[in-house]
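Working notes, beginning with the structure itself.
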Amino acid sequence: MRRQRSVDVLVVGGGPAGLAAAARLAASGAGTVEVLEREARAGGVPHHCHHGGFGRWGVTGPQYAERLVEDALGAGAAVRTGVSATGWAGPLSLDTTGPHGLERITARALILATGARERPRTARLVPGSRPAGVFTTGELQQAVNIYRQEIGTRAVVVGAEPVSYAALSALRRAGVEVAALVTEEKRPQVGRCRAAAARLGVPSVPLVTGAVVAELMGRGRLSGVRLRRGDGRDGRECVLACDTVVFTGDFVPDHELARRGGVLLDAGTRGPAVDGSFRTASPGVFAVGSGVHAVVPARVAAGEGVRVARAVRGHLEGVGWPCGAVPVVVGAPLRWVAPNLLSPGAPGSRFVLRTAKALVCPVLVVSQDGRCLYRQRVLGKVLPNRGLYFSGSWVGKVDAGGGPVRVALG
């Protein structure tokens, strides 16, 4: 028997975005606000990250996560852990399962804050056997920081972006020798100081650029990875002996629940398409945080949670849902832009871009139907998998009856 009940606001996902939204909504008197978190503890990714630098005071990840939970509970929101949303029973109704059995929860407003995940080895189509010793960063951090498991003795880290260096730190804390960081890019996707600290540290960790993992080797336990340089046509391959490999980065929004509910997804971000108020194309459904555009720092996700709370309050008070929106698209080598919908009356918030290749002092041009709306030169270097933020001051110039707004390089 499935128990049925109703709340005013239901938040799916107990990470920084969801908890910040719940705290702000509960504190503002939005009615009954409930957060569903499928893991045993709420707080999201920061719970697995034991390094400092989170929040205003630079606390550790677990400390930051606990503060978010305390803020939400202190404001009057309910935070339920071990509860998963399994499907939709209506436009604003979700079926759930958890420690207290099956439920059907109907809300006046629904916030999807489902976060992001790294693509595992299988999704990257890396051939070879299926040995033990293969991790993503999230799996590694949970094993090291929460479960205190034995990892291995010698590891290869695939990737050279910020999360890759976080994996490197976790491996060192676990006493694992790191044989190399391997990236198909031409250079690391972090600042020079951070890259040099790894390369020149004790022990030093070499960075192999322009290479991909072509095969996982070993039966039962990983024994090595075969690397292929360039496009492989010149036959340059080598084998790195290791018993552990960590695939890092290559985040995708955890959009499965949104997809099942028929929520419009953006082809670029692969998360729900949203406007400047984090409204999706489905009335009453909002989406926020790394579940919209993977992946953003915890402080950015929490900030979006605060901002979506204002829009949710407006919805609860009767502000109408937009009937149509102008899509925002990008041209190569840009990968995606968010927000990716422009609704009449929505705030002209700032936008964030991702690029597929490194750019030096690029010029961004925003246009609609051949008409230039905005132009901006970005100073410095823009790296893949790093956010590039630009102003939304041009939103008022958009023709609501016109074609898509295009963001490209000038």
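Of everything in the range 143-155, what is under 23 Å from the mean Cα position of the chain (by Cα) and either part of a loop (DSSP other than H, G, I, E, B) or among the β-branched types (Val, Ile, Thr) (or both)? Give them in sequence order.
If the condition is that a residue be under 23 Å from the mean Cα position of the chain (by Cα) and either part of a loop (DSSP other than H, G, I, E, B) or among the β-branched types (Val, Ile, Thr) (or both), then VAL144, ILE146 are the ones that fit.
Just checking, how many residues over the range 25-64 are of a type in the set (Gly, Ala, Ser), in a helix (DSSP H, G or I) and modelled with pLDDT of 95 or more?
The total comes to 2.
Take ALA22 and tell me if it is open to solvent by 20 Å² or more (accessible area, probe 1.4 Å), among the aliphatic types (A, V, I, L, M) and not in a strand (DSSP E or B).
Considered against the rule, which asks whether it is open to solvent by 20 Å² or more (accessible area, probe 1.4 Å), among the aliphatic types (A, V, I, L, M) and not in a strand (DSSP E or B), ALA22 comes out as no.
Consider ARG173 carefully, then state whether it is touching a helix residue (DSSP H, G or I) at 6+ places or on another chain (Cβ under 8 Å), open to solvent by 30 Å² or more (accessible area, probe 1.4 Å), of a type outside the set (Ser, Thr, Tyr) and touching a residue at least 24 places away in the same chain (Cβ under 8 Å).
Yes.
Kindly state which strands (runs of 3 or more DSSP E) lie completely within the range 308-410 and contain at least 1 residues that are touching a residue at least 12 places away in the same chain (Cβ under 8 Å), open to solvent by 50 Å² or more (accessible area, probe 1.4 Å) and charged (D, E, K, R).
334-338, 371-377, 405-409
Small (Gly, Ala, Ser) and under 14 Å from LEU112 (Cα atoms): is that true of GLY74 in this structure?
Answer is no for this residue.
Could you pull out every one of the strands (runs of 3 or more DSSP E) wholly within the range 178-294 that has 3 or more residues that are open to solvent by 50 Å² or more (accessible area, probe 1.4 Å)?
Ranges flagged: 224-229, 237-241.
Cβ contacts < 9 Å: first residue over 20 Å from ASP254 (Cβ atoms) and in a loop (DSSP other than H, G, I, E, B), restricted to the range 78-91; second residue of a type in the set (S, T, N, Q) and modelled with pLDDT of 95 or more, any location; separation 6+ or different chain. Result?
PRO91/SER282
Cβ contacts < 9 Å: first residue among the charged types (D, E, K, R), restricted to the range 48-62; second residue outside any loop (DSSP other than H, G, I, E, B), any location; separation 6+ or different chain. Result?
If the second residue must be outside any loop (DSSP other than H, G, I, E, B), the pairs left are ARG56/ARG299.
Could you give every pair whose Cβ atoms fall below 7 Å, whose first residue belongs to the range 254-278 and is free of Cβ contacts under 8 Å to residues at least 12 places away in the same chain, and whose second residue is surrounded by 21 or more Cβ atoms within 10 Å (Cβ to Cβ), counting only separations of at least 6 or pairs across chains?
LEU265/HIS255; LEU265/ALA258; LEU265/GLY271; LEU265/PRO272; LEU265/ALA273
Residue by residue through the range 307-325, note down the ones that are at pLDDT below 95, in contact with a Leu (Cβ under 9 Å, 6 or more places away or on another chain) and aliphatic (A, V, I, L, M).
ALA325
Six or more apart or on different chains, Cβ atoms under 7 Å: show the pairs whose first residue is in the range 142-159 and over 20 Å from VAL208 (Cα atoms) and whose second is polar (S, T, N, Q).
Once the first residue is over 20 Å from VAL208 (Cα atoms) and sits in the range 142-159, its partners that are polar (S, T, N, Q) give ALA143/GLN149; ILE151/THR244; GLY152/THR244.
The values are calculated or read from the model by the stated rules, or taken from the named source; none is laboratory data. Values in this document were obtained by computation on a predicted structure and should not be read as measured data. Every residue, glycine among them, receives a Cβ derived from its backbone with ideal geometry; neighbour counts consider all protein chains shown. Surface accessibility is based on the protein's heavy atoms, side chains included, excluding ligands, DNA and RNA. Shrake-Rupley method; radii C 1.70, N 1.55, O 1.52, S 1.80 Å.
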